[in-house]
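The values are calculated or read from the model by the stated rules, or taken from the named source; none is laboratory data. Computed from a predicted structure; not experimentally measured. Quick reminder, even Gly has a Cβ in these numbers, built from the backbone with ideal geometry, and neighbours come from all protein chains shown. Calculation scope for accessible area: heavy atoms of the full protein, side chains included, ligands and nucleic acids excluded. Shrake-Rupley method; radii C 1.70, N 1.55, O 1.52, S 1.80 Å.
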Amino acid sequence: MRPTPLSLGVLVFASSLCGQSLSAQATLTLKPTPTTVAWGYYDAKAAPVLRVTSGDTVEIQTLITNSPKRLEDAGLPLDQVEQSLRDITDQVKDKGPGGHILTGPIYIEGAEIGDVLEVKILTIRLAIPYAYNGFGPGRGYLPDDYPYSKMKIIPLDEKRMVAKFAPGIEIPLHPFFGSMGDAPPESAGRFNSAPPWIMAGNLDNKDLVAGSTLYIPVHAPGALFEVGDGHAGQGDGEVDITALETSLIGTFQFIVRKDLHLKWPRAETPTHYVTMGLNDDLNACATLAVREMIDFLVTEKHLSSEDAYMLARVAADLHITELVDGNKGVHMMLPKSIFVGATK
């Protein structure tokens, strides 16, 4: 008999130890613990903490990326620091080279190199009633303008879905996961969690909210999906290198796509098709995002290359995703509504 959702806290560990895959269309739960997180990396050789089948749905909890001490020093009461964050900070010694606490990796049965992992983001909800934003010397988009550190604890009103930034300033919340990705090619070794790349990762794309779908090329058996860097919201660019950083709980469905073959991540939101350019040069990012959109329109919408180029010019928008994590990001958004009679 398949375990019920109430017993899945144990199942997460048992399934990884036994190496047994789980039947399709399951709903599982994965929480962050010292044995179920990857601190600061994506790696094709990482041991999975959970194995699932294509079509399974997993509720995944992620942790705010910071230390209990720094949060407390910024004014957060001791009793509001999550115990799981204390446990992971105290017990996880295998860290880096990046700084994100990522839940996973998850092995998706049947995912092979050259496939695409379709990640449906079904729901996202807040796990804690606060976020932080902060900057430090030598970091962010203006590294020399602020040669000191500062962190601000920002209360979140889940009922009204606003962040109370300061008296008279409220920011609408649009929760999303800054980092969602699978393993890079094995030749890349342990890949820093900061720069986004061909396996997605730290995209920091504020448009990937609940209801969106991320398509990630598979570079290692099982894909090895990880997620973290929860944001209650942010502006494009992430200029001071942090957003409304918080802990989130998301529900994801994983589908192995044998019929898709992508070189770079793509996405759909409820209203737009999204292509991405990721490079350390912003112009190269824009070039890649446009070319990816043209390829999408030729392959999926059966336009000529010339018509695709023109449609990208007259109907799509380029956005700076982020500027501060090594590789920069540009994404291009094309509204689905222009396709008259289309079903998605």
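Descriptive notes on the structure:
- Just the protein heavy atoms count here, and of the accessible area of the chain at 1.4 Å, carbon and sulfur take up 55 percent.
- Summarising the label geometry, the points placed 7 Å from Cα in the beta-carbon direction at residue 258 and residue 209 lie 3.7 nm from one another.
- Dipole of the chain, positive direction: furthest Cα of 241, 332, 131, with charges on the beta-carbon: 131
- Relative contact order [Cα under 8 Å, 6+ residues apart], the chain, whole percent: 20
- Accessible surface, per residue, of the chain when the full set of protein chains is kept, probe 1.4 Å, Å²: 44
- Across the alpha-carbon atoms of segment 34-90, the computed radius of gyration and Dmax are 14.7, 43 angstrom.
- Rg(Cα)/(2.2 N^0.38 Å) for the chain, N = residue count: 0.97
- Counting all C-alpha pairs of segment 81-219, share separated by more than 18 Å (%): 68
- Flagged links, alpha-carbon separation over 31 Å, of 95/258; 45/301; 69/159: 95/258; 45/301
- Each stretch of four or more DSSP H residues adds -39500 (n - 2.57); spread over every residue of the chain, this sum gives -5000 deg cm²/dmol at 222 nm.
- Gain on full extension, evaluated as 0.36 nm per residue between residue 92 and residue 282 minus their Cα-Cα distance, stands at 64.9 nm.
- Considering every alpha-carbon pair of segment 153-302, the percent of pairs per 5 Å bin, from zero through the bin containing the longest distance, is 2, 8, 16, 21, 20, 15, 10, 5, 3, 1, 0.
- Solvent exposure of residue 298, expressed as accessible area, is near 60 Å², computed with a probe of 1.4 Å over the protein chains only.
- Residues whose placed amide H lies under 5 Å from that of residue 109, excluding near-sequence neighbours: 52, 53, 54
- Legend: calculated FRET efficiency, residue 79 to residue 47, from the Cβ-Cβ distance at R0 = 35 Å, rounded to 0.05, equals 0.55.
- Placing pseudo-labels 7 Å out from each Cα toward the beta carbon at residue 317 and residue 187 gives an inter-label distance of 3.9 nm.
- Normalised contact order of segment 249-344, rounded percent, pairs of Cα under 8 Å and 6 or more residues apart: 29
- In segment 158-224 the Cα-Cα distances spread across 10 Å bins starting at 0 as 18, 38, 23, 15, 6, 0 percent of all pairs.
- Reported value for segment 260-344: 96 Å³ per residue, from the convex hull of its C-alpha atoms.
- Measuring gaps between exposed loop sites in the chain (chymotrypsin sites (Phe, Trp or Tyr not before Pro); DSSP loop; at most 15 other Cβ atoms within 10 Å), the longest gap, sites not included, is 149-338.
- Per-residue 3J(HN,Hα) values for segment 205-216, derived from phi via the Karplus relation 6.51 cos²θ - 1.76 cosθ + 1.60 with θ = phi - 60°, read 9, 5, 7, 8, 8, 4, x, 8, 10, 10, 10, 10 Hz in sequence order (x marks Gly and Pro).
- Taking all protein chains as they are arranged and a probe of 1.4 Å, the heavy atoms of residue 249 leave approximately 20 Å² accessible to solvent.
- Overall, the ratio between the Cα radius of gyration of segment 38-154 and 2.2 N^0.38 Å, rounded to two decimals, is 1.30.
- Whole-number percent relative contact order across segment 132-243, with pairs defined as alpha carbons under 8 Å at least 6 apart: 30
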